[in-house]
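Structure first, commentary second.
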Amino acid sequence: MDIRIIEFISENMQSPLLDQIMPAISRLGNGGLIWLAVAALLMTRRKHRTAGLMVICAVALGAVLGEVILKNIFQRARPFVDAPHFELLIERPLTRYSFPSGHATSSFAAAGTVLRTVDSALIKGPVLLLACAVAFSRVYLLVHYPSDILGGIVLGLLSAYVVYRLFSRGRNTAGSQTPE
């Protein structure tokens, strides 16, 4: 199923324009740096400081669980290894293993946190759109299977949820209701 989806994208969605855009979108997710920048921007406003800190914690939790633990347990080869006829538009990723996608994990750890903690649609919409674009770019660029992306989304949202619960518990014991 994964290969069929990748082949469908390659045959029906690839274009010279997207071949230029997708590597740039993917690079935004490298190392979760865009999400740390989002967290830093959130922290510039008093109202969103806790949300920014939570984004950092959720991205860090997702990275530890995904990159350090799960990738080494599953040791799944990347699509271009299993199907060498695929031509890459970017350099081969530094990490050998594919499942779960670190880009999708960090993207949805950040997006899940923002969606739960920030009340502005002007912030939520672009963050969610960027998270989806980063995750999709990894399949488009043939460095992840769709199931790697799905696994990363689930892990990222789970990381966001765990961090939210931990911060909520801490706030409730301090006399406040929920994180800002």
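A few points about this structure:
- Computed about its Cα centre, the charge dipole of the chain is approximately 900 debye, with only Lys, Arg, Asp and Glu carrying charge at their Cβ.
- Here the contact order of the range 19-173, divided by its residue count and restricted to Cα pairs under 8 Å and six or more residues apart, works out to 31 percent.
- Approximating the spin labels as points 7 Å out from Cα along Cα→Cβ, the VAL162-to-LEU94 distance works out to 2.3 nm.
- Option label - log10 I(q)/I(0) by the Debye sum over Cα atoms at q = 0.08, 0.11, 0.15, 0.18 Å⁻¹ computed here, alternatives [x] -0.39, -0.58, -0.90, -1.19; [y] -0.26, -0.47, -0.81, -1.08; [z] -0.25, -0.48, -0.89, -1.25: [y]
- Packing, taken as the mean count of other beta carbons within 10 Å per residue, orders the peptides 154-166, 55-67, 73-85 from highest to lowest as 55-67, 154-166, 73-85.
- Between the range 27-105 and the range 121-136, the Cα center-to-center distance that results, in Å: 15
Any read-out appearing in this document is the output of simple, stated calculations on the displayed coordinates, not a laboratory observation. Everything numeric in this text was worked out from a predicted model, so none of it was measured. A quick note on method: Cβ atoms are made from the backbone with ideal geometry, for glycine too, and the neighbour counts reach across all protein chains shown.
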